[in-house]
Structure formats: C-alpha cells, structure tokens
Amino acid sequence: MTEPIFVIPLWADLTAVALGGLQGAVFAAGFRGQRRLDFLGVALIGIMIGMGGGLIRDLLLNVTPVTLQSNWYLLTATAASLVGMLLASVLTRLNALIVGLDALVIALFGAFGTSKALALGLPLVPAVFVGACAAVGGGVLRDVLVGLPVAIMHVGSLYAVAATSGCLVLAGLHAFGVPIVAAAIAGIVVTTVIRLLAVIFDVSLPEQRMLHRRKVAVETSAITIIKPDEA
Amino acid sequence: MTEPIFVIPLWADLTAVALGGLQGAVFAAGFRGQRRLDFLGVALIGIMIGMGGGLIRDLLLNVTPVTLQSNWYLLTATAASLVGMLLASVLTRLNALIVGLDALVIALFGAFGTSKALALGLPLVPAVFVGACAAVGGGVLRDVLVGLPVAIMHVGSLYAVAATSGCLVLAGLHAFGVPIVAAAIAGIVVTTVIRLLAVIFDVSLPEQRMLHRRKVAVETSAITIIKPDEA
Amino acid sequence: MTEPIFVIPLWADLTAVALGGLQGAVFAAGFRGQRRLDFLGVALIGIMIGMGGGLIRDLLLNVTPVTLQSNWYLLTATAASLVGMLLASVLTRLNALIVGLDALVIALFGAFGTSKALALGLPLVPAVFVGACAAVGGGVLRDVLVGLPVAIMHVGSLYAVAATSGCLVLAGLHAFGVPIVAAAIAGIVVTTVIRLLAVIFDVSLPEQRMLHRRKVAVETSAITIIKPDEA
C-alpha cells in the first residue's frame with residue numbers, strides 16, 4: 001500500500017477542474033430560486049464544483065491542498081466557469097451533454113480521491129470514503145450555498161452510489177495487485193456508466209419508510225400555493 | 001499539560017461512533033421534510049453523526065483524522081446506521097431511549113474532543129471549544145444537509161450549553177491536576193445530566209430580544225398554510 | 001516569496017476578532033427568521049464572524065489554527081459578542097456604523113489571509129483566493145447556520161468583489177516588491193472603500209440571465225402569502 005506517492009498528472013487534474021467548472025456554471029446559470037444568482041454567484045458555483053472535490057479530499061487527508069499550490073487550478077476553474085456562463089443558453093439545450101459531463105466529473109474526482117488516499121497509506125474503506133466525499137462534495141456545497149435541498153440526501157438518481165461503486169472497484173482492484181492507473185480507469189468507467197444508466201432508466205433507491213409499510217399520509221395541501229418561480 | 005499523547009481507547013471511540021450512528025439513523029428515519037430521505041440518505045445521516053464529531057475535532061486540531069486511519073470506524077458507523085434503520089419503527093416509540101442516547105453521544109464526543117485537544121497542548125479555552133464543536137458538529141451538519149433550521153442556533157433545549165459545561169468541567173478538573181480519565185468521566189456525567197434535565201423540564205434560554213423589551217409582533221398569518229408534512 | 005514567516009501582531013488579530021464579534025452579534029440580534037435566535041445563538045454568530053475567517057484561512061493553508069493556540073481569541077470574540085448583544089438596540093440605529101465595521105472586518109480578514117498565504121509560499125492567485133475565503137467565509141457560515149440565502153451568491157452589494165480586489169492589490173504590490181505592511185494597508189483601504197461605495201451607491205452585478213436576453217417571467221404569485229415575520 002505504501003508505494004511511492006502517487007501523483008495525478010497536472011493535465012488530468014486540470015481537465016477534471018475544467019469539466020467541473022463548465023458543468024457547475026451551466027447548472028448555476030439555469031438555476032431559478034427565490035433570488036437570482038449574479039455573475040459572481042455563477043462563477044463561484046463553477047469554481048466550487050471545479051475545485052471543491054480536490055479541496056475536500058486534501059482536508060480529509062490532512063495534506064496541503066494541491067489546488068492551492070499552483071495558479072493553474074483557480075485560473076482553469078474561473079476560465080471554465082466563464083465559458084460555461086457564455087455558452088449556457090446553448091449547453092442547456094444539450095441536456096445529455098451536461099448529464100454526461102457531470103457523470104465524468106464525479107468519476108474523475110472519485111478516482112483521484114481514492115488513489116491519493118491509498119497512496120498515503122489509508123486502508124481500503126476510508127480510501128473509498130475519501131473518494132466518495134471528493135466526488136459528491138462539490139455538489140453538496142453547491143446545494144447548501146444556493147439553498148436547494150441537498151441532492152444526495154433525497155430520493156434521486158443513485159448519485160452517491162455511483163461514486164462509491166467506482167471508488168470501491170478502484171480500491172478493490174488495487175488490493176488485488178492491479179496497477180493503480182488500470183484500476184483508476186476501471187473505477188472511472190464504473191461510476192460513469194452507473195450514473196448514466198441511473199439517469200436514463202430513472203432508477204432510485206426505495207424510501208426508508210417503505211420498510212415499515214406505513215400508510216402514506218395524503219399529500220394534498222388545503223391550499224395550493226403557486227410559487228412564482230414555478231409558474 | 002504536555003503529558004504523553006492521550007489515546008482514546010479504540011473500543012470507547014467505536015462505542016461513541018456506534019451510538020451516534022444508531023441515533024442518527026433513527027432520527028433520519030423519522031424525518032419528514034419536503035422531500036423524503038432514501039436509504040442512502042438515512043445511512044449518510046447515521047455515518048455523519050457517528051463520525052462527524054471526530055472529523056471536526058481532528059480538522060480543528062490539524063491532525064490526520066483518526067477515523068480514517070482504520071477500516072473500523074466507517075464499518076461500525078455504517079453497521080449501526082443499518083441497525084438503526086431496521087429498528088427505527090421500534091426505537092421511535094422508545095423516545096426516552098433516543099434522547100438518552102443523544103445526550104450520551106454529545107457527552108462522549110465532547111469529552112474525547114477536549115481531552116485530545118488538551119493532550120496536544122491547547123490552552124483551556126480553545127480545548128473546551130474544540131470539545132463543544134466535536135459534540136454538536138455532527139448535529140449541525142445533519143441539520144444543514146436535510147435543510148432543517150440548525151437546532152443549536154434557536155431557542156431550544158440548552159444543547160450546546162450542556163456540551164460546553166461538560167467540556168469545561170473536564171478541562172477545569174484537569175487543570176487542577178485531576179487525572180484525565182476521572183476528569184473525562186465527570187465531564188461526561190455533567191453533559192449527560194444537564195442535557196437530560198433540560199429535556200425533562202423543557203428549559204430554554206431566554207430570547208435575545210426580550211432584553212430590549214420590544215413588543216412582540218402579532219404572529220398570526222393572514223392565511224394559514226397547512227403543510228402536507230404537518231397534516 | 002519565501003521571506004521569514006510573516007506574523008500578524010496579536011493586537012491586530014484580536015482587533016479583527018473583536019470587531020467581527022461585535023458586528024456579528026449586532027447582526028444576529030436584529031435577525032428575524034422563522035424561528036428566533038436565543039442568547040447562545042447570537043453569541044455563536046458573533047464568535048463565528050469573529051473567528052471564522054481565521055479558522056477557514058488556516059484550514060485551507062493546512063496549518064494549526066492560530067485562533068486555537070491561545071485563550072485570547074475565544075475570550076475576545078465572546079466578550080465582543082456579549083457587548084454587541086447588550087448594545088444591539090443602540091447600534092442597530094447606527095446602521096452606518098455597522099456597515100462600516102463590516103467593511104473593515106472583511107478588509108482585515110482578507111489582508112491577513114492573503115499575507116499569511118504569501119508568507120507560506122503560495123502563488124499569487126491562490127493567495128488571493130485564501131484571503132477572499134477568509135474575508136467572506138464567516139458570513140457564509142452565518143447565513144447557512146441561520147438559514148438565510150447565502151448573501152454572496154445573490155445579486156447584492158459586491159461583497160466578494162470588494163474582498164477579492166483588496167487581496168489582489170495586496171498580492172500585486174507584494175509581487176512588485178512593496179513591503180508587506182504597506183501592501184496590506186493598501187489592500188485594506190481598497191476593500192473598505194469599494195465595499196462602502198457599493199453600499200452607498202447600491203451597486204450590484206448584472207444578473208446572469210440578462211446575458212441571454214430572456215424574457216423575464218411574470219413574478220406575481222396567485223396568492224400573496226403574508227409571512228408573520230414580515231408583517
């Protein structure tokens with residue numbers, strides 16, 4: 001497990017940052033909440049999705065954040081956010097592209113997080129945990145900051161399961177002696193495919209309460225409130 | 001203050017993690033917000049309550065998170081969450097048990113946080129602060145992630161006061177030369193008892209604005225909105 | 001860039017903490033949300049605004065939080081919060097004072113963050129980022145904990161732009177060989193002035209969607225809901 005410290009190539013790391021920044025900005029540009037995001041808000045979401053995964057990973061590993069050791073990370077994330085903002089009206093029509101980008105971004109951050117954790121000597125289970133946190137952390141920060149319900153906590157599209165599965169495949173293959181690059185590629189493929197299949201077939205986890213066969217309360221409200229942003 | 005680094009025994013740490021995971025999952029299973037939590041969301045809450053305190057403590061102390069140095073923490077938290085989920089319908093009827101577990105969990109995380117901080121040479125006041133953050137941090141994360149008002153910020157049951165008092169007793173006794181284990185036990189008892197008494201007698205802090213003797217605005221709304229999840 | 005480690009004098013650091021604590025408590029005392037803050041909640045907001053900037057800076061830099069190395073930081077933040085609470089009804093009438101304090105606090109935290117990052121050898125862009133995060137971080141934490149929309153994400157008063165500009169001036173001057181103290185003073189002045197001008201002239205960034213010349217949906221709701229706390 002204690003091989004010479006695994007280094008993610010800068011180009012790969014910056015690619016993940018750029019894809020994250022692009023995807024985050026397109027998401028944020030399409031955001032319609034109670035209050036609108038301004039330019040800066042959209043750029044911040046892009047930077048956060050692009051850099052959040054790496055920051056969370058390095059905080060959990062208690063190492064100096066690699067994203068703050070070079071000018072390139074922030075410049076890349078900011079540039080990608082600006083491109084995302086400018087192309088937002090085009091890209092939002094290409095919904096499949098956004099979903100695909102998002103799947104790839106969580107796969108990349110998950111794989112980088114897990115391999116760095118393994119390289120630092122963490123056991124398998126926490127290495128997978130660090131990868132999963134790096135994969136979904138940017139999205140959680142985004143949801144909290146814009147005041148949306150946090151996506152991974154709710155009945156949805158197996159977001160965190162996809163991330164965790166890929167990290168588990170990576171760590172498992174590595175434990176059986178598969179070279180880290182091959183294991184990382186396998187993990188990235190697994191996460192991306194699970195996430196895309198979940199979106200395509202609209203799979204979701206059963207709700208907790210179905211376990212108890214409780215009667216579902218009638219969910220119609222006495223007054224239907226038409227929120228302006230839904231109208 | 002700079003005694004040989006104090007080590008929390010693994011069994012004690014894992015007991016706190018397990019109790020936290022159990023309590024978190026039972027809470028989450030009973031959660032009825034605008035959107036429901038799925039299995040994964042419930043498990044995540046359990047893991048977060050079980051491991052959040054230790055993670056926050058180690059982040060504040062800038063040491064490598066001990067909960068990520070071994071497979072046992074995550075496995076314990078996950079197993080406890082699953083047990084909590086399966087037994088939720090039974091346990092929610094035993095409300096006293098849940099409140100008791102919760103009081104014990106914050107007491108344990110507070111005591112572990114303060115004693116680790118003292119062992120690393122922190123002065124008394126920040127050591128108490130680290131303990132209090134470790135004690136209530138998991139609950140704050142939970143509230144933010146599920147979109148509830150953050151409990152410790154609002155008129156409630158002296159949650160943070162109970163945690164801080166126990167940590168203060170621990171650190172104070174330690175400053176007077178009481179052995180750390182005895183001081184920790186005293187701190188755990190103080191936090192648990194204050195918290196339980198606060199729940200039993202429904203004590204809360206006065207509101208800020210009562211200081212100013214401002215007139216309380218009439219708090220009836222023109223339209224009563226019946227939310228589905230309250231019906 | 002690798003000059004002997006720059007040390008922020010304790011009195012300057014504690015002044016920033018005290019101003020932050022004061023300003024945070026006055027803000028919190030005036031807060032009227034769905035649920036009210038109690039004494040402890042107000043004190044927590046004060047402590048968070050006073051100490052949050054320094055904590056976030058040190059977490060990002062992966063150094064032991066300086067605010068936890070001495071009793072003075074927490075004692076100062078707590079005392080300032082209590083003063084803020086007691087004087088809240090007076091101070092809220094002096095709105096200009098609060099806005100001025102707030103501008104000065106973000107300027108101080110931004111300057112301290114950027115100069116510490118530069119002293120630790122970070123390149124210019126991430127040093128500015130750390131300063132900006134230290135400047136606005138306390139406010140973001142506050143908004144998340146009390147359940148407000150996060151101010152810097154929304155059309156507002158150029159909050160983050162003011163912070164970033166001052167940090168950029170500091171780091172730019174330092175790169176051209178200006179001594180760090182002079183550069184820090186210039187940065188503090190720039191942030192304070194931009195922030196005050198933005199408030200006075202009510203400047204805000206254009207909204208993202210104006211880029212696309214989309215038609216603005218009619219924003220009137222079918223039912224006007226009068227919330228109690230707005231009445």
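Evaluate peptide C:140-147: per residue, the Cβ atoms of other protein chains within 10 Å of its Cβ; return the mean as an integer. Let's see the in-between values first.
Working: counts 2, 0, 1, 3, 7, 7, 4, 9.
Counting other chains' Cβ atoms within 10 Å and averaging over C:140-147 gives 4.
Need one value for C:118-125: mean number of C-beta atoms belonging to other chains within 10 Å of its residues' C-beta atoms.
On the way: counts 0, 0, 2, 2, 6, 7, 2, 8.
Counting other chains' Cβ atoms within 10 Å and averaging over C:118-125 gives 3.
So what does B:Leu196 come to for accessible area, using a 1.4 Å probe and Å² rounded to 10?
60 Å²
Before anything else, pin down the relative contact order of region C:10-205: Cα pairs under 8 Å, at least 6 apart, normalised by residue count, whole percent.
On the way: 325 pairs, mean separation 43.1, N = 196.
Contact order relative to length: 22 percent.
Find the relative contact order for region C:118-177 and round it to a whole percent, using C-alpha pairs within less than 8 Å whose residues are 6+ positions apart. Working shown, then result.
On the way: 35 pairs, mean separation 25.4, N = 60.
Across region C:118-177, relative contact order equals 42 percent.
Can you pull the Rg over Rh of region C:23-119, Cα-only, Kirkwood? Working shown, then result.
Numbers: Rg = 14.4 Å, Rh = 14.2 Å.
Result for region C:23-119 is an Rg/Rh of 1.01.
In whole angstrom, note down how far apart the Cα centers of region B:121-164 and region C:99-153 are.
For region B:121-164 versus region C:99-153, the Cα centre distance is 23 Å.
Along the positive direction of the dipole of region C:10-205 (beta-carbon charges: Lys, Arg +1; Asp, Glu -1; about the Cα centre), which of C:Gly177, C:Leu122, C:Ser70 reaches farthest?
C:Ser70
With an 8 Å Cα cut-off and a minimum separation of 6 or more residues, compute the relative contact order for region C:100-142 in percent. If you can, show how the numbers build up before the last one.
Working: 35 pairs, mean separation 19.3, N = 43.
Worked out over region C:100-142, it gives 45 percent.
To the nearest whole number, what is the average tally of beta carbon atoms from other chains within 10 Å of the beta carbons of peptide C:70-82? Intermediate values should be presented prior to the final figure.
Values: counts 4, 8, 3, 4, 6, 2, 0, 1, 2, 0, 0, 0, 0.
Across the residues of C:70-82, the mean count of other-chain Cβ atoms within 10 Å is 2.
What accessible area, in Å² to the nearest ten, does a 1.4 Å probe give for A:Leu59?
Surface accessible to solvent at A:Leu59 totals approximately 50 Å².
Take the Cα radius of gyration of region B:10-205 and divide it by 2.2 N^0.38 Å, with N its residue count; two decimals is plenty.
Numbers: Rg = 15.9 Å, N = 196, 2.2 N^0.38 = 16.3 Å.
Against the empirical 2.2 N^0.38 Å value, I get 0.97 for region B:10-205.
Which net charge results for the neighbourhood of C:Ala117, defined as the other residues with beta-carbon distances under 11 angstrom from its beta-carbon, given Lys and Arg at +1 and Asp and Glu at -1?
On the way: positive: C:Arg57, C:Lys116; negative: C:Asp58.
Local charge sum for C:Ala117: +1.
Please state the charge dipole magnitude for region C:10-205, taken about the Cα centre, from unit charges on C-beta atoms (+1 on K and R, -1 on D and E), reported in debye and rounded to the nearest 20.
Working: 8 positive and 6 negative charges, 47 e Å.
Approximately 220 debye in magnitude.
The values are calculated or read from the model by the stated rules, or taken from the named source; none is laboratory data. No experiment lies behind these values; they were computed from the predicted model shown. Positions of Cβ are generated from backbone atoms using ideal geometry, with glycine treated the same way; all protein chains shown enter the neighbour counts. Side chains are part of the model used for accessible areas, which takes the heavy atoms of the whole protein and leaves out ligands, DNA and RNA. Shrake-Rupley method; radii C 1.70, N 1.55, O 1.52, S 1.80 Å.
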